[in-house]
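Have a look at the structure below before the remarks.
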Amino acid sequence: MSDIALKTYTERANVHPNAVAKKLLRLMDEKKSNLSVAVDLTKKNQVLELVDKIGPSICLLKTHIDIVEDFDADMVQQLVALAEKHKFLIFEDRKFADIGNTVKLQYSAGVYKIASWADITNCHTVPGEGIISGLKEVGLPLGRGLLLLAEMSSKGTLATGSYTQATLELAEKHNDFCMGFIARRRFPGLKSDFIHMTPGVGLDVKGDGLGQQYRTPEEVICESQSDIIIVGRGVYGSGRDAAQEAERYRKAGWEAYQRRISKQ
Ligand code: 5BU
């Protein structure tokens with residue numbers, strides 16, 4: 001077990017150099033939640049309604065803002081108000097993948113102005129270091145954080161081996177802005193304390209027929225030592241009450257974390 005995986009989120013928050021990571025780790029212990037819900041719905045009111053329901057159970061809301069058909073500036077204001085009401089951070093899963101100059105514009109401008117409201121966003125490293133430098137020019141002065149896609153949850157992903165390794169090295173080099181990874185497991189031997197977040201989490205099914213692969217909170221948090229579970233359809237796609245499902249995942253994730261930190 002890695003040393004960091006044995007520490008509590010608060011112990012890590014107390015010494016963490018990145019402001020967003022610090023805030024996130026603090027509120028995880030405060031809310032007893034390592035759950036991020038991926039709200040992949042296409043209507044503004046559906047999104048806002050669901051977020052208000054599940055807000056008490058999550059530490060982080062994950063959005064795909066570009067799938068919302070009736071997006072407007074008011075939606076962002078309401079999301080930010082819900083984040084304050086329920087105390088969670090917002091992660092826009094934008095997966096930037098272009099050259100530095102283009103991602104700077106995509107992050108700061110256009111319809112969505114992601115940098116103005118999302119505490120966290122993420123990017124692929126396929127373009128090389130320039131993508132991080134570009135996003136950092138916009139995000140760092142605003143106190144934002146970046147996650148690198150070191151691995152993906154989907155079947156046949158090409159983000160493996162030397163690609164993953166090179167991604168870890170880029171994160172170490174830019175650890176003022178890179179606060180963590182999207183990954184399937186905690187990477188051993190890192191110098192900085194990166195927050196590892198894992199999508200592809202489900203308690204009831206193993207996949208979705210389109211390449212998604214699900215593992216349980218126990219496998220992700222306890223065995224693979226990741227920090228945050230990202231759950232989408234498991235929470236809102238079963239037809240059962242979403243607030244209750246979110247609580248079910250929050251509890252499963254939290255209990256797995258407690259088992260992990262007790263393995264001294
Ligand atoms: P699901 O409904 O729990 O399968 O949703 C998973 C979410 O996580 C969805 O928004 C994806 O875009 C996101 N995701 C993922 O599933 N796998 C990955 O490797 C990455 C993101 Br990166």
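Exactly one condition in (1) without any contact (Cβ under 8 Å) to a residue 12 or more places away in the chain; (2) part of a helix (DSSP H, G or I) is false for Gly110; which is it?
(2)
Which is touching a residue at least 12 places away in the same chain (Cβ under 8 Å), among the aliphatic types (A, V, I, L, M) and over 29 Å from Pro141 (Cβ atoms), of Leu60, Leu50? Steps first, answer last, please.
Values: Leu60 fails: over 29 Å from Pro141 (Cβ atoms).
Checking each option against the conditions leaves just Leu50.
Do you know which residues across segment 23-47 are over 25 Å from Lys251 (Cβ atoms) and touching a helix residue (DSSP H, G or I) at 6+ places or on another chain (Cβ under 7 Å)?
Thr42, Lys44 - these are the residues of segment 23-47 that are over 25 Å from Lys251 (Cβ atoms) and touching a helix residue (DSSP H, G or I) at 6+ places or on another chain (Cβ under 7 Å).
Could you tell me whether segment 95-104 includes any residue that is out of contact with any Phe, Trp or Tyr (no Cβ under 9 Å at 6 or more places or on another chain), away from the ligand (no atom under 16 Å from the Cβ) and either under 30 Å from Ile261 (Cα atoms) or β-branched (Val, Ile, Thr) (or both)? So that I can check it myself, show each step before the final result.
We begin by selecting, within segment 95-104, every residue out of contact with any Phe, Trp or Tyr (no Cβ under 9 Å at 6 or more places or on another chain); these are 95, 97-101, 104.
From the residues that got through so far, the ones that are away from the ligand (no atom under 16 Å from the Cβ) too are 98-101, 104.
Next, only the ones that are either under 30 Å from Ile261 (Cα atoms) or β-branched (Val, Ile, Thr) (or both) stay: 99.
Taking every residue of segment 95-104 in turn, at least one turns out to be out of contact with any Phe, Trp or Tyr (no Cβ under 9 Å at 6 or more places or on another chain), away from the ligand (no atom under 16 Å from the Cβ) and either under 30 Å from Ile261 (Cα atoms) or β-branched (Val, Ile, Thr) (or both).
Looking at Leu140, Leu203, Leu147, which is the one that is away from the ligand (no atom under 13 Å from the Cβ) and among the aliphatic types (A, V, I, L, M)? It would help to see each step written out before you state the result.
Numbers: Leu203 fails: away from the ligand (no atom under 13 Å from the Cβ); Leu147 fails: away from the ligand (no atom under 13 Å from the Cβ).
Going through Leu140, Leu203, Leu147 in turn, just one is away from the ligand (no atom under 13 Å from the Cβ) and among the aliphatic types (A, V, I, L, M): Leu140.
Among the residues of segment 230-240, is any hydrophobic (A, V, I, L, M, F, W, C), in contact with a Cys (Cβ under 9 Å, 6 or more places away or on another chain) and either within 15 Å of the ligand (Cβ to nearest atom) or touching a residue at least 60 places away in the same chain (Cβ under 8 Å) (or both)?
Start the filter on segment 230-240 by keeping residues that are hydrophobic (A, V, I, L, M, F, W, C), which leaves 230-231, 235.
Imposing the further condition that a residue be in contact with a Cys (Cβ under 9 Å, 6 or more places away or on another chain) reduces the set to none.
Scanning segment 230-240, I find no residue that is hydrophobic (A, V, I, L, M, F, W, C), in contact with a Cys (Cβ under 9 Å, 6 or more places away or on another chain) and either within 15 Å of the ligand (Cβ to nearest atom) or touching a residue at least 60 places away in the same chain (Cβ under 8 Å) (or both), so the answer is no.
If only one of Ala115, Ala183 is among the small types (Gly, Ala, Ser) and within 16 Å of the ligand (Cβ to nearest atom), which one is it? Spell out how you get there, then give the answer.
Working: Ala115 fails: within 16 Å of the ligand (Cβ to nearest atom).
Being among the small types (Gly, Ala, Ser) and within 16 Å of the ligand (Cβ to nearest atom) holds for just one of Ala115, Ala183, which is Ala183.
Do you know which residues across segment 47-96 are surrounded by fewer than 21 Cβ atoms within 10 Å (Cβ to Cβ), within 17 Å of the chain's Cα centre (by Cα) and part of a loop (DSSP other than H, G, I, E, B)?
Scanning segment 47-96 gives His64, Lys87.
Only residues that are crowded, with 20+ Cβ neighbours inside 10 Å and within 12 Å of Ile261 (Cα to Cα): list them for segment 6-29, please.
Once the filter is applied, which keeps residues that are crowded, with 20+ Cβ neighbours inside 10 Å and within 12 Å of Ile261 (Cα to Cα), segment 6-29 yields only Tyr9.
Kindly check whether there is at least one residue in segment 242-257 that is at pLDDT 95 or above, surrounded by fewer than 18 Cβ atoms within 10 Å (Cβ to Cβ) and part of a loop (DSSP other than H, G, I, E, B).
No: segment 242-257 contains no residue that is at pLDDT 95 or above, surrounded by fewer than 18 Cβ atoms within 10 Å (Cβ to Cβ) and part of a loop (DSSP other than H, G, I, E, B).
Within segment 143-172, count every residue that is out of contact with any Phe, Trp or Tyr (no Cβ under 9 Å at 6 or more places or on another chain) and either of a type in the set (Asp, Glu) or at pLDDT below 95 (or both).
1
The values are calculated or read from the model by the stated rules, or taken from the named source; none is laboratory data. It should be emphasised that the depicted structure is a prediction, and the values quoted were computed from it without experimental measurement. All Cβ positions, even for glycine, are placed from backbone atoms using ideal geometry, and neighbour counts span all protein chains on display.
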